[in-house]
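In what follows, a single structure is set out as structure tokens and then discussed.
The values are calculated or read from the model by the stated rules, or taken from the named source; none is laboratory data. What you are looking at is a predicted structure, and each value in this text was computed from that prediction instead of being measured. In this analysis, Cβ positions are derived from the backbone assuming ideal geometry, glycine residues included, and neighbour counts consider all displayed protein chains.
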Amino acid sequence: MLLIEAGMALSILTLVGLVALKISLNILTPRQWGLQQALTDAYLTYERAYAERIPFDSLTANDSPFPAFPQTRTTSVEIGRLPGNRPVMGVVTRTRLPDTNNYPIDGGTGSIDSNPSAMKVWKVQSVITYTVGTKNYVKSRTVIRSQ
């Protein structure tokens, strides 16, 4: 009889342990998601700062890190590291789009009547794609630059 009671107690303790393990794993999953979001947001803050600080001549040059749309420049980057020193990798795609009011030489359809000050306005865009588990995610930042 003692053997049966000990077996039942062990079974119940094993069941309670498995339920506690499942609950703890359910708690960790949203934390991982939050950490992934913080990493990608921080990296996109860098991308935005890069787009804002690049000299306008470099931005509009032929070898610009932000080529004129429809061309893009794609770079594989390490977004950050998770606990356990696991890297989070992503792909950054950069491009720039001209404003329609730019002169035709600058990619627009503007004229002296519509753009008398000869403003050059570009929409500079960085898009990052990354994978968490089996799902793919995309985030972007856009900066308006003018000269």
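Among the residues that make up region 52-69, is at least one of them charged (D, E, K, R), in contact with a strand residue (DSSP E or B) (Cβ under 7 Å, 6 or more places away or on another chain) and more than 30 Å from residue 135 (Cβ to Cβ)? Quick ask: steps written out before the conclusion?
Within region 52-69, the subset charged (D, E, K, R) is 52-53, 57, 63.
From the residues that got through so far, the ones that are in contact with a strand residue (DSSP E or B) (Cβ under 7 Å, 6 or more places away or on another chain) too are 52.
Among the residues that remain, those that are also more than 30 Å from residue 135 (Cβ to Cβ) are: 52.
Yes; the residues of region 52-69 include at least one that is charged (D, E, K, R), in contact with a strand residue (DSSP E or B) (Cβ under 7 Å, 6 or more places away or on another chain) and more than 30 Å from residue 135 (Cβ to Cβ).
Looking at region 31-52, is at least one residue more than 19 Å from the chain's Cα centre (by Cα) and loosely packed, with under 12 Cβ neighbours inside 10 Å? Taking every residue of region 31-52 in turn, none turns out to be more than 19 Å from the chain's Cα centre (by Cα) and loosely packed, with under 12 Cβ neighbours inside 10 Å. Within region 125-143, being over 11 Å from the mean Cα position of the chain (by Cα) and surrounded by 12 or more Cβ atoms within 10 Å (Cβ to Cβ) holds for 125, 132, 142, 143.
Considering every residue within region 59-77, establish whether at least one is β-branched (Val, Ile, Thr), modelled with pLDDT of 85 or more and touching a Gly at 6+ places or on another chain (Cβ under 8 Å). Working first, answer last.
Taking region 59-77 and keeping what is β-branched (Val, Ile, Thr), we get 60, 72, 74-75, 77.
Add one more test, that the residue is modelled with pLDDT of 85 or more, and what stays is 72, 74-75, 77.
This time we only want the ones that are touching a Gly at 6+ places or on another chain (Cβ under 8 Å), so: 77.
Yes: one or more hits.
Would you call residue 90 on the phi > 0 side of the Ramachandran plot and not in a helix (DSSP H, G or I)? The answer is no for residue 90. Considered as a group, the residues in region 97-124 that are part of a strand (DSSP E or B) and touching a residue at least 40 places away in the same chain (Cβ under 8 Å) include one that is surrounded by the fewest Cβ atoms within 10 Å (Cβ to Cβ), and that residue is 124.
One line per residue, one yes/no per condition, for (1) assigned to a helix (DSSP H, G or I); (2) closer than 30 Å to residue 140 by Cα; (3) modelled with pLDDT under 85:
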{"residue": "3", "(1), (2), (3)": "yes, no, yes"}
{"residue": "8", "(1), (2), (3)": "yes, no, no"}
{"residue": "26", "(1), (2), (3)": "yes, yes, yes"}
{"residue": "32", "(1), (2), (3)": "yes, yes, yes"}
{"residue": "36", "(1), (2), (3)": "yes, yes, yes"}
